1. Could you list, in sequence order, the residues of segment 310-324 that are among the hydrophobic types (A, V, I, L, M, F, W, C), more than 8 Å from the ligand (Cβ to nearest atom) and within 28 Å of A280 (Cβ to Cβ)?
2. Return the residues of segment 166-224 that are part of a loop (DSSP other than H, G, I, E, B), closer than 20 Å to R308 by Cα and away from the ligand (no atom under 16 Å from the Cβ); say none if nothing qualifies.
3. Out of everything in segment 361-371 that is in a helix (DSSP H, G or I) and over 21 Å from the mean Cα position of the chain (by Cα), what residue ends up being nearest to N167 (Cα to Cα)?
4. Exactly one of (1) buried (at least 24 other Cβ atoms within 10 Å of the Cβ); (2) in contact with a Gly (Cβ under 7 Å, 6 or more places away or on another chain); (3) of a type in the set (S, T, Y) is unmet by T252. Its number?
5. Quick check: anything in segment 221-228 under 26 Å from P321 (Cα atoms) and modelled with pLDDT of 95 or more?
6. Under 6 Å by Cβ, and 6 or more places apart or on different chains, what pairs join a residue from segment 302-329 that is in the same structural domain as T252 (by TED's automatic domain parsing) with one that is in a loop (DSSP other than H, G, I, E, B) and among the small types (G, A, S)?
7. Please find, among A246, A296, the residue that is small (G, A, S) and either surrounded by fewer than 22 Cβ atoms within 10 Å (Cβ to Cβ) or touching a helix residue (DSSP H, G or I) at 6+ places or on another chain (Cβ under 6 Å) (or both).
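The values are calculated or read from the model by the stated rules, or taken from the named source; none is laboratory data. These numbers were taken from a predicted model, which means no experiment stands behind them. Here the Cβ is made from the backbone with ideal geometry for all residues, glycine too, and neighbour counts use every protein chain on show.
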Amino acid sequence: MHRLRTNSSTAEDLLIELDRDRSRAEPLHRQVAASIRESVRAGRLRHGASLPPSRTLAAGLGVSRGVVVEAYQQLVAEGYLTSRAGGYTQVALEPGTGPGPAPRTRAREAPPAVDFGYGHTDVSTFPRAAWLRSVRTVFAATPNERFAYLDGRGVPELHQALADYLNRVRGTSADPKDMVVCSGFGQGVSLLIQVLAARGARRLAVEDPSPDDDARPLAAAAGLDVVGIPVGPDGIRVGELEKADADAVVLTPSHQWPTGGVLSAAARARVIRWAQRRGALVIEDDYDAEYRYDRAPVGAIQGLAPDRVVYCGTASKTLVPGLRLGWMLVPPHLVDDVAQAKLLADRGSAVIDQLTFADFLGRGEFDRHLRRMRPVYRRRRDALLAALDTHLPELTPTGIAAGQHVVAWLPPDLDEAAVVAAAARRGVALRGVARYRLDPAGPGGLIFGYATLSERAIARGIAALARAVADVRAA
Ligand SMILES: Cc1ncc(COP(=O)(O)O)c(C=O)c1O
């Protein structure tokens, strides 16, 4: 058997078996064709994969070029391959769609007509051309040695660019040497929890409600107690935090997730006093503060006490989640441990992406992108609020001043789970607040992510939701 690398970018392996003893019964060109046909059918060679030039494959197999040319021609005739100008031969078919039985496809459920699911960022708006300019600059200007392994903190250019940006826009007190670049908030909080657990922390406080897919399961996995602190209209209830005997707290002070409250200046100062008194750590998740619509930006709490607060930022809301880029400003006494944990986790985030983002920030492209996107999201939010006001005035929207989602509280006579289920039957996907609560008691509420929806789709979705609410009431 000959295992040959193709010249395709997907680098598929061609597994070609030739039995020269059988060449009378089955000529070599048929054997080559049969092997390639089988690889296409089995999906080993995928749609669009390039095959090696006939001369290269012939040399690799130790056969004359005519054998390969004939095999390719046969497969082109059968529709497995296409022959393109310039002598390129590519796989033409999706696996399983060639002659022979096609695999049975499973019936798919129809996707929801309008999806208010939280967490979808409008990935279609990624500033590709500007990013590409930064990629080009990085490749033109960066010496090869820079593409080697690095320490766990990330590249100094990005530390500096982010520190400048955060100090200017988020009111942080950022020293570039205390910055650790990570794969989004998800990894950042994971590293912090590991470090805290290793230093003897026992209890992590989180907001209630709060996300169920990051700090909470991570802390439980690290053996920490997780305690939920109720939130009110202005974010976490600090009096409850003071009673919780926690070693650290995860907060979303600028836009509580999901309810949207903003922690007041007095409450912020009280959180900091609590942390200083206890020697506790505040983990500030500043996930969507750049998108603020109705009032001046609310500064980060890290600026009040850089020795007690870890500031965590992410590109997931401002650019796209697929970048997996996040950053932390870590108190000096923890930064070496966090950088070491990062190194152990994945040997550092991608250097090329970090340099690209540094260049992107330095050119002002990030600011430009935010300036471009703010009115787009604001119009979507306004469309959502207008539609709720028209079709469902009995709902009470909250946390509307920022971000890419809104929570609307339900009146007491409407059961949250029943409304979510009835909405799904009407083609509207959305989630309730209940699944994010630690203490199940609390008012029913719906979470509307609006970042990816057109204003028309939003209006259509809310009109359908109103019909779903009527269904629930009728039942
Ligand atoms: C509350 C909150 N924090 C942080 C993030 C971002 O996480 P990551 O940076 O890991 O993508 C999200 C994303 O949806 C979020 O909802």
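1. In the first step, residues of segment 310-324 are kept if they are among the hydrophobic types (A, V, I, L, M, F, W, C); the result is 310, 312, 315, 319-320, 323.
Now restrict to residues that are more than 8 Å from the ligand (Cβ to nearest atom): 310, 319-320, 323.
Within segment 310-324, just V310 meets the criteria.
2. Filtering segment 166-224 down to residues part of a loop (DSSP other than H, G, I, E, B) leaves 170-175, 183, 199-202, 209-214, 222-224.
Pick out the ones that are also closer than 20 Å to R308 by Cα and you get 170-175, 199-202, 224.
Those that are part of a loop (DSSP other than H, G, I, E, B), closer than 20 Å to R308 by Cα and away from the ligand (no atom under 16 Å from the Cβ): G171, T172, S173, A174, D175, R199, G200, A201, R202, L224.
3. At the first step, the residues of segment 361-371 found to be in a helix (DSSP H, G or I) are 361-362, 365-371.
Now drop any that are not over 21 Å from the mean Cα position of the chain (by Cα), which leaves 362, 368, 371.
On the way: G362: 14, R368: 17, R371: 18 Å.
In this case the residue turns out to be G362.
4. It is condition (2) that T252 fails.
5. Here is the first cut: in segment 221-228, the ones under 26 Å from P321 (Cα atoms) are 221-222.
Still in the running and modelled with pLDDT of 95 or more: 221-222.
Within segment 221-228, one or more residues are under 26 Å from P321 (Cα atoms) and modelled with pLDDT of 95 or more.
6. Close Cβ pairs satisfying both conditions: G303/G171; G303/S173; P306/S173; Y311/A300; L323/A315; R324/S183; L325/A315; L329/A174.
7. On the way: A246 fails: either surrounded by fewer than 22 Cβ atoms within 10 Å (Cβ to Cβ) or touching a helix residue (DSSP H, G or I) at 6+ places or on another chain (Cβ under 6 Å) (or both).
Residue meeting the stated conditions: A296.
The rows are residues; the columns are (1) polar (S, T, N, Q); (2) in the same structural domain as V231 (by TED's automatic domain parsing); (3) within 26 Å of the chain's Cα centre (by Cα); (4) assigned to a helix (DSSP H, G or I).
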site	(1), (2), (3), (4)
L344	no, yes, yes, yes
D382	no, no, yes, yes
A387	no, no, no, yes
E394	no, no, no, no
L414	no, no, no, no
R435	no, no, yes, yes
P440	no, no, no, no
P443	no, no, no, no
